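Each remark here refers to the structure printed beneath this line.
The values are calculated or read from the model by the stated rules, or taken from the named source; none is laboratory data. Predicted model, so just to flag it, every value in this text is computed and none were measured. FYI the Cβ positions are ideal-geometry reconstructions off the backbone, even for glycines, and counts take in every protein chain you see. With ligands, DNA and RNA removed, areas are computed over all heavy atoms of the protein, side chains included. Shrake-Rupley method; radii C 1.70, N 1.55, O 1.52, S 1.80 Å.
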Amino acid sequence: MERPLLFLDVDGPLIPFGPSSTRPETSGSDSEALPDGGNPLLRRLDPTVGPRLMALGCDLVWATTWMEEANASVGPVIGLPALPVVEWPEATEAGPRGLHWKTRPIVEWAEGRPFIWVDDEIGTVDRLWVAAQHERPALLHRVSPSEGLTSIDFATLTNWLRTTAPSR
């Protein structure tokens, strides 16, 4: 049986935004400490998240506008190996009002496999559309962009994998 996929966004889930972000920035203020030469947002990454994601037992896939840059700049900071990347189409077919532009490409990429999508922009229309278009289990998990992935989020993912996704 194939392992479930986990589609992972960067901005919001891994790099929290806003003044209410409780995640401390990683230490070091010089640009040489960061793989991309100084993107200050990378200081908001939590290096413990990568191992926690790997421990879920899913096949991880970047689903972010960072594209391949996620493998060069984000993955090394949080301890992830190079991951496959969803390639976004130039233009997407019009869908129901409120359908996120990532939803169709993610479902197509999944090719019928069970999946989790972790993003801070998932809405009700996305959940309804995936339920109607994807026959296998799917968890569309919205993360608070001001907090990023938390222990509560990981508990939700773990519980879904244990109770809903097929045995891995």
Non-local residues with an amide H under 5 Å from the amide H of E147, with H modelled 1.01 Å from N and Pro and chain starts lacking one, are F17
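Work out how much length V125 to M54 would gain on full extension: take 0.36 nm times their residue separation and subtract the Cα-Cα distance, in nm to one decimal. Walk me through the numbers before you get to the answer.
Details: separation 71, 0.36 × 71 = 25.56 nm, distance 2.89 nm.
Taking V125 through M54 to full extension adds about 22.7 nm, to one decimal.
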Ranked by how many other beta carbons lie within 10 Å on average, peptides 70-77, 48-55 from highest:
70-77, 48-55
Which residues' amide hydrogens lie under 5 Å from the amide hydrogen of W117, considering only partners 5 or more residues apart or on another chain, with H built in the peptide plane?
F7, L139, L140, H141
Taking all protein chains in place and a 1.4 Å probe, what share, in percent, of the accessible surface of the stretch 48-98 do carbon and sulfur account for?
55
Which order do the peptides 124-135, 102-113 come out in when sorted by mean C-beta neighbours inside 10 angstrom, highest first?
102-113, 124-135
For the stretch 8-15, Karplus couplings with θ = phi - 60° (6.51, -1.76, 1.60), whole Hz, Gly/Pro x:
10, 8, 9, 6, x, x, 9, 10
